[in-house]
Every structure is written in structure tokens, then in C-alpha cells.
Amino acid sequence: MSKLIAIIRIVAQLLPAIIEAIKAIEAAIPQSGQGAQKLALVRELIEAAFEAVQDAGVTFADVWPAVQRLITKIVGLFNATGIFAKA
């Protein structure tokens, strides 16, 4: 159970950075159809930052599935609400 709590805490702490990374990448690459490449770039950004932290208590592999689902939901919300205009 403590691993689950650690993952939840880390994901919650990463949320503002994830949103900013998504927005920055979308601004740099606004074309639709590039979702896989954009997701890979967000993953690389977060993984690089995660590796700099030595005392996380969980691995990036533990956290990534939750972060990936969160990114999918955020991008879907941004698309649905018009924050990301379709190019």
C-alpha cells in the first residue's frame, strides 16, 4: 500500500509540470497526428527529471503507467474544451 501512496503523491506533485510540458510540446508541434511522438517527448522529459531524484521510493517504471493515463486524459480534456485547436 505504501508504494501506491508514493505513486499517487509523485503523480500529484508532477501534475503542474506535466501540464506545462504538454502545453509546451503542443505549442511547438501543433500538428495533429503527432500524438505518439508528443507523448514520447513528454515521457523523456519526465523520465529525465525523475532520474535526477534519488529518493523517490519508486521507479519511473512504477510511475509511468499512471502518468501516461493522466496525460491521455489531460490531452483529451484540452482537445474537447478547445484549449488545443486542431491543426
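Quickly run through the stretch 1-23 and pick out the residues that are surrounded by 15 or more Cβ atoms within 10 Å (Cβ to Cβ) and β-branched (Val, Ile, Thr). Once the filter is applied, which keeps residues that are surrounded by 15 or more Cβ atoms within 10 Å (Cβ to Cβ) and β-branched (Val, Ile, Thr), the stretch 1-23 yields Ile7, Ile10, Val11, Ile18, Ile22. Within the stretch 24-44, the set of residues being charged (D, E, K, R) and either part of a loop (DSSP other than H, G, I, E, B) or surrounded by 15 or more Cβ atoms within 10 Å (Cβ to Cβ) (or both) comprises Glu26, Lys38, Arg43. The set of residues in the stretch 45-87 that are open to solvent by less than 80 Å² (accessible area, probe 1.4 Å), under 14 Å from Ile25 (Cβ atoms) and outside any helix (DSSP H, G or I) contains only Phe84.
For (1) touching a residue at least 24 places away in the same chain (Cβ under 8 Å); (2) β-branched (Val, Ile, Thr), each residue gets a yes or a no:
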residue	(1), (2)
Gly33	no, no
Arg43	yes, no
Ile46	yes, yes
Thr59	no, yes
Ala66	yes, no
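Taken over the stretch 1-57, the criterion of being among the hydroxyl-bearing types (Ser, Thr, Tyr) and over 19 Å from Asn79 (Cα atoms) is satisfied by Ser2 alone.
The values are calculated or read from the model by the stated rules, or taken from the named source; none is laboratory data. Everything quoted here is computed from the prediction, not taken from an experiment. Reconstructed Cβ throughout: ideal geometry from the backbone, glycine too, with neighbour counts over all protein chains shown. Areas reflect the complete protein model, heavy atoms only, side chains present, ligands, DNA and RNA absent. Shrake-Rupley method; radii C 1.70, N 1.55, O 1.52, S 1.80 Å.
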